[in-house]
Amino acid sequence: MRHLVELAGDLALLGVPARIAKLLLRLADPDGWVPEDVTQQEIAEMTGTVRQVANRVIAELAHLGVLELERGHIRVVDRARLAAQIGEGQTE
């Protein structure tokens, strides 16, 4: 239930890139790895978007050097810059 309340608030206040950044920070282990059983489709569903948009956001974050993508695995390599995406993603 708490997850649904948090998602509703995030949908109202955060853009898609910020919601994805927040989720990846929450899912990543101390070494930055997102569990390999979490698919980009599931990331999309957990952030209230579609897979194509989630894929595009993840690819852009990788291009910026915030994430690394290795054979379908996601690794957060710059937590500070990823966290900054949340603040930048506030909707007006």
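The values are calculated or read from the model by the stated rules, or taken from the named source; none is laboratory data. From a predicted model like this one, the values you see are computed outputs, not experimental measurements. Methodologically, a virtual Cβ is constructed for each residue, glycine included, from the backbone with ideal geometry; neighbour enumeration extends over all protein chains shown.
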*asked:* Out of everything in the range 21-40 that is surrounded by fewer than 15 Cβ atoms within 10 Å (Cβ to Cβ) and either in contact (Cβ under 8 Å) with a residue 12 or more places away in the chain or of a type in the set (V, I, T) (or both), what residue ends up being nearest to A83 (Cα to Cα)?
replied: D31
*Could you please give the count of residues in the range 19-38 that are out of contact with any helix residue (DSSP H, G or I) (no Cβ under 7 Å at 6 or more places or on another chain) and either assigned to a helix (DSSP H, G or I) or at pLDDT below 95 (or both)?*
4
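Only one of V16, V53, V76, V66 is at pLDDT below 95 and either in contact with a Cys (Cβ under 9 Å, 6 or more places away or on another chain) or hydrophobic (A, V, I, L, M, F, W, C) (or both). Can you tell me which?
Working: V53 fails: at pLDDT below 95; V76 fails: at pLDDT below 95; V66 fails: at pLDDT below 95.
After ruling out the rest, the residue left standing is V16.
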*On the given criteria, is E60 modelled with pLDDT of 95 or more and either in a strand (DSSP E or B) or among the acidic types (D, E) (or both)?*
yes
*Pull up the range 45-62, narrow it to residues that are out of contact with any His (no Cβ under 9 Å at 6 or more places or on another chain) and over 17 Å from R75 (Cα atoms), then point me to the one that is surrounded by the most Cβ atoms within 10 Å (Cβ to Cβ).*
T47
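What is the residue count in the range 39-57 for residues that are outside any helix (DSSP H, G or I) and of a type outside the set (S, T, Y)?
Going residue by residue through the range 39-57, those that are outside any helix (DSSP H, G or I) are 39, 47-50.
If we keep only those that are of a type outside the set (S, T, Y) as well, we get 48, 50.
Qualifying residue count for the region: 2.
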